[in-house]
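Chemist: I'd like to ask you about the structure that follows.
Read the figures in this text as sums done on the coordinates, not as results from a lab. This structure is a prediction, so every number in the text was calculated from the model and none was measured. FYI the Cβ positions are ideal-geometry reconstructions off the backbone, even for glycines, and counts take in every protein chain you see.
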Amino acid sequence: APRVFSGIQPSGGLTLGNYLGAIKRFVSMQDEYPCVYCMVDLHAITVWQDPKDLVHNTRELAAGLIASGISPEKSILINQSQVPEHAQLGWVFNCVARMGWMQRMTQFKDKAGKNAQNASLGLFGYPALMAADILIYHATHVPVGEDQKQHLELTRDIAAKFNHDYGVDFFPLTEPVIEGAATRVMSLRDGSKKMSKSDPSDASRINMTDDADSIAKKIRKAKTDPDALPSEIDGLKDRPEARNLVNIYAALNDQTVEDVLAEVGGQQFGTFKPQLAELAVSKLSPISHEMARLMDDPAEIDRILAKGAAQAREITAPILSKTYEIMGMVR
Ligand code: ATP
Ligand code: MG
């Protein structure tokens, strides 16, 4: 049976990249499939998190999903650590995945930086836990941004190796769902780097909680080249910053990039940027207002997550038991 799972790390505040690359799709999928959306707190701690920030960010992330249109009545909303089967299956997958597979992961290389010896073991094993997040629900579809494509391929490799090693057809081969005009939103300061909530530079990203003035200011200051916008998509080749702003515009406005260029081709950035800022504010400010309203009642958010965890465990507990049984663990 089809099921959707996706996760977001409470490693900072939500960005426009998270919204366009992931959350907008989460919302549209919930009418079609049973969905589980998860604040992956166990992933966040692969790099140190201040406990006070982690609590706040987890609740704010949940508020962000709800404010964006995810209904806790339709979808299961959880934080990962409250559903222990994620970590339990994660251990099993640590024993299925191979060191060499992990060593190829570009996210680890990016996040560990030059001093990989000093990275946590958890950061290295991250993709195995991510595979467990997905497969503990037998999820078939995973909406994510482009940057997660490699981890999704690894998830399929882990499922296939488990099935092969134990001679079963137990874990499904999950499909990534990477769609839309903004599957990889880039940093506003560097067109070769993706926008990230954990980037030390606040100017590199638009946060879902930014007010209208800071959104306008960040877009005004966004790095661009001096040329006018092209009217054809070919004209964006080798212009990563220009392409990024056009992609953002298209995704926010539910248009294709071609349609946007047909309208704005020939404009200078001095004309285009204020329009983009206005569009971003008009789409994001209703969400950030609703987030702030939900954050006035953190106990209600905690209740939603606790209820989600109970619903989730009805799915995860039997799948974990069956996994253990397949592997020969005495029950
Ligand atoms: P961190 O910097 O801590 O890794 P992040 O901004 O990359 O944070 P994640 O929690 O790692 O956010 O990812 C949550 C979801 O958002 C994933 O589906 C990921 O693919 C998507 N996503 C993250 N950044 C972008 C981006 N710049 N463009 C499109 N999608 C993105
Ligand atoms: Mg990330």
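Chemist: With a/c under 1.5 counting as rounded, go ahead and sort the range 117-193 into rounded, prolate or oblate using the C-alpha gyration tensor (a ≥ b ≥ c being the square roots of the eigenvalues; past the cut-off, prolate if a/b is larger than b/c, else oblate).
Modeler: Oblate shape, in that a/c is at least 1.5 and b/c is the bigger or equal ratio.
Chemist: Lysine pairs in the range 201-326 with alpha-carbon atoms under 25 Å apart, 8 or more places apart or on different chains: how many are there?
Modeler: Going through the range 201-326 pair by pair, I get 14.
Chemist: Okay, moving on. How would E85, E146 line up from fewest to most surrounding beta-carbon atoms within 10 angstrom?
Modeler: Listed from fewest to most nearby Cβ atoms, that is E146, E85.
Chemist: Restricting to Cα pairs below 8 Å that are 6+ residues apart, what does the relative contact order work out to for the chain? Please round to a whole percent.
Modeler: It rounds to 23 percent for the chain.
Chemist: If you don't mind, there's one more thing I want to ask. Once each part is reduced to its C-alpha centroid, what is the distance from the range 112-132 to the range 157-224 in angstrom?
Modeler: When both Cα centres are located, 18 Å separates them.
Chemist: Within straight cross-link reach of K114, meaning Cα distance under 18 Å, which lysines are found once same-chain residues fewer than 8 apart are removed?
Modeler: Correct list for K114: K193.
Chemist: I would also like to ask the following. Could you please report the charge total around D238, scoring K, R as +1 and D, E as -1 over all other residues with beta-carbon less than 15 angstrom from its beta-carbon?
Modeler: -1
Chemist: Arrange the following residues from fewest to most other Cβ atoms within 10 Å of their Cβ: I215, I45.
Modeler: Ascending number of Cβ neighbours within 10 Å: I45, I215.
Chemist: To continue, here is another question. With an 8 Å Cα cut-off and a minimum separation of 6 or more residues, compute the relative contact order for the range 209-292 in percent.
Modeler: The value is 41 percent.
Chemist: Could you put R205, R3 in order, starting from the residue whose Cβ has the fewest other Cβ atoms within 10 Å?
Modeler: Placing the least packed residue first, the sequence is R3, R205.
Chemist: Mean residue ellipticity at 222 nm from the helices of the chain, using -39,500 (n - 2.57) per DSSP H segment of n ≥ 4 over the full residue count, to the nearest 500 deg cm²/dmol?
Modeler: -16500 deg cm²/dmol
Chemist: Counting only other residues whose beta carbon sits under 13 Å from that of A62, what net charge do I get with K and R as +1, D and E as -1?
Modeler: -3
Chemist: Further question on the same structure: Can you give the net charge of the other residues whose Cβ lies under 14 Å from the Cβ of T106, counting K and R as +1 and D and E as -1?
Modeler: Computed value for this residue: +3.
Chemist: Go ahead and set up a Gaussian network model of the chain, Cα springs under 10 Å, then flag whichever of G145, G167, G13 fluctuates most.
Modeler: G167
Chemist: Let me ask another. Would you mind checking which residues have amide H under 5 Å from N79's amide H? H placed 1.01 Å from N; only 5 or more apart, or other chain.
Modeler: M39
Chemist: Counting only DSSP beta bridges with both residues in the chain, tell me the antiparallel percent, nearest 5.
Modeler: Close to 15 percent.
Chemist: Okay, next question. So what are the ³J(HN,Hα) numbers for the range 78-84, from phi and the Karplus equation (6.51, -1.76, 1.60; θ = phi - 60°), rounded to whole Hz, Gly and Pro as x?
Modeler: After applying 6.51 cos²θ - 1.76 cosθ + 1.60, I find 9, 10, 3, 5, 8, 10, x Hz.
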